[in-house]
1. Just one of (1) modelled with pLDDT under 85; (2) open to solvent by 80 Å² or more (accessible area, probe 1.4 Å); (3) under 16 Å from residue 137 (Cβ atoms) trips up residue 40, so point out which.
2. Quick check on segment 473-493. Is at least one of its residues farther than 22 Å from residue 551 by Cβ, out of contact with any helix residue (DSSP H, G or I) (no Cβ under 7 Å at 6 or more places or on another chain) and assigned to a loop (DSSP other than H, G, I, E, B)?
3. What residue, of 432, 477, is exposed (fewer than 14 other Cβ atoms within 10 Å of the Cβ) and at pLDDT below 90?
4. Out of all the residues in segment 300-326, which are in a loop (DSSP other than H, G, I, E, B) and open to solvent by 70 Å² or more (accessible area, probe 1.4 Å)?
5. Quick test for you: out of 372, 357, pick the one residue that is closer than 30 Å to residue 284 by Cβ, modelled with pLDDT under 80 and open to solvent by 50 Å² or more (accessible area, probe 1.4 Å).
6. May I ask you to say which residue of 69, 24 is open to solvent by 20 Å² or more (accessible area, probe 1.4 Å) and either in contact (Cβ under 8 Å) with a residue 24 or more places away in the chain or in contact with a Ser or Thr (Cβ under 7 Å, 6 or more places away or on another chain) (or both)?
7. Output the number of the condition that residue 253 fails; it satisfies all remaining conditions of (1) hydrophobic (A, V, I, L, M, F, W, C); (2) open to solvent by 90 Å² or more (accessible area, probe 1.4 Å); (3) not in a helix (DSSP H, G or I).
8. Within the group 270, 302, 342, which residue is acidic (Asp, Glu) and under 23 Å from residue 354 (Cβ atoms)?
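The values are calculated or read from the model by the stated rules, or taken from the named source; none is laboratory data. Since the model is a prediction, treat every value here as computed from it, not as a measurement. Note that we place each Cβ from the backbone using ideal geometry, even for glycine, and neighbour counts take in every protein chain shown. Note: areas computed on protein heavy atoms with side chains; ligands, DNA, RNA excluded. Shrake-Rupley method; radii C 1.70, N 1.55, O 1.52, S 1.80 Å.
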Amino acid sequence: MLRSIRQRIAVPYAALILVSTVVLALFVSTYVRAEYLTDLESHLVADARMVGQAVLPALRADSAGAQVLQTLAGQLGDSLGARVTLIGVDGWVLGDSYEDPLGMDNHLTRPEVQAALADGVGVSTRRSPTLGYDLMYAAVPVILEGETVAISRVSLPLTRVQERVDRLRNTVLLTAAAVLLLAGPLVVLTAEGIARPVRTLTQLAERASQGERSGRIRTASHDETGRLADAFNRMIEETDRQMDALASQRNALTAVLTHMADGVIITGADERVRLINPAAARLLDTAEASAVGERFVTVARDHQVVEIWRRCLASNTEQTAAVEMVGARPFLQVVVTPLDGDSCLVLLQDLTRIRRLETVRRDFISNISHELRTPLASLRALVETLQDGALADPPAATQFLGLMQTEVDALAQLVEELLELSRIESGRAPLRLCPTPVADVIHPPVARLQPQAKRAHLRLFVELPEGLPDVLADVERVRQVVTNLVHNAIKFTPLKGTIRVWAEPAGDMVRIAVQDNGIGIATDDLARVFERFYKVDHARSGKGTGLGLAIARHLARAHGGDIRVESVEGSGSTFSFTLPFAHDRPVDSVQQG
């Protein structure tokens, strides 16, 4: 069923063009076929007479035989491009351009032969039993001295006629199809031009009923449809002007709330959330869609935030407080401002990063001050001692200067390690990477620290399996990491303890580990042992700077590996780091740390 105006206009016109084209093609093909057959009939009769005239000399000669007539029929057939048959008055074939006369039937009963003998011209169309397809036959008598001596017959296949008719019909159909293709879009465009304003008006009316009034109907028509469109446009223009101002304000507010970093929540008199922006949803770990309409207490899920909000409701004044939320949730600055009608605006400012940076700064200042205080106090005491008269005692002065040298060296080491750590962290410490046997980065630092281990009555040994692949490493930097780990193990392993240094493949890395059976590390301290200046307690503080493990961590990561610690308090620790294989990496490369 045609339901649209465009279909009701376009489809009948297209059908009319299609039917007219098909009828025209059938009529033209039928008419042309009849004309072709009439023309072919005249042509064949003329050819038959010409053949009769051509064979008269052969028929007149008394010596003319069957072979002469057969040869003559073949020559005439080739020249005419048709089948030529010479038939005697008794019906037997004398010569044929296609077949051997001896194998052919008597043709006296053929319709065209009978007509030629009776009327002088015979024409018929039928399927040839000899050739197996339809032909048109034309026959005329061959008269010699007033007596019929033979029948001349010429025939052509009707396939040629049918081919011409088919070509003509196809041409007509193609022309009709082209006309239909050209006329079809014109019909569709005409129908569309009539239907478009009505359809557009219907769509805009439906959208306007749903609250959308931004559309307009554009038409150049001045008929009833055009006047209806103008009236509709005027109707919604006034509404649009009133809505534009409200939409502009709403969009601006939405954009601000959506993109601002601070969280915003508006609660109503029923203590339920009316509005919440993405930042507030993120800070309170909730979803915007589910939060709207819920009670504020349920959304906030923190008694401190709820308490500030309740104080604002009770006093009707702005309330501000810093809140450290429970668990891993952020540190917030909460500002609650009363609005009209017992509503409140809750502003959540995330101060977590600022507080973390402040903590890091404070810890750094505290740690560096602590590390500097001891050597500076020692230097001051030694200087005061020298000033008070120790210079007059050369042996004592020499001893004090040696102590001062030790403290200065400690300060220099601290500054050097700080500078080294700064260069590594900022990427300004180049690494000279080259394929290196694992033994080359382990044995030298272990051998250098072996005397210190013996003085502490510790057993320090290395276990390396055979066939370890080479690693891609800056030899001196990796030796520095091994030295730091072994030195720490010596410091925190009791007398007669054991320190084992070993290595093993780990995927496409080699893991190097330093394992001791010393005092171990508490679980709470494991996550912080690689921080700058971090020392677990006074028992493990020793005389180090607290920077060794921090430097080791950065150097391991600069090589593309990592470092970790496993420890049980009272049972020892295992520090290990990884280095990449060297087989698929460039040689003698320089990489920034």
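1. (2)
2. The answer is no, given that none of the residues of segment 473-493 is farther than 22 Å from residue 551 by Cβ, out of contact with any helix residue (DSSP H, G or I) (no Cβ under 7 Å at 6 or more places or on another chain) and assigned to a loop (DSSP other than H, G, I, E, B).
3. Only one candidate passes the filter, namely 432.
4. Of everything in segment 300-326, those that are in a loop (DSSP other than H, G, I, E, B) and open to solvent by 70 Å² or more (accessible area, probe 1.4 Å) turn out to be 301, 316, 318, 326.
5. The conditions single out 357.
6. Answer to the selection: 24.
7. With (1) hydrophobic (A, V, I, L, M, F, W, C); (2) open to solvent by 90 Å² or more (accessible area, probe 1.4 Å); (3) not in a helix (DSSP H, G or I) applied to residue 253, the lone miss is (3).
8. None of the other options fit; the residue is 302.
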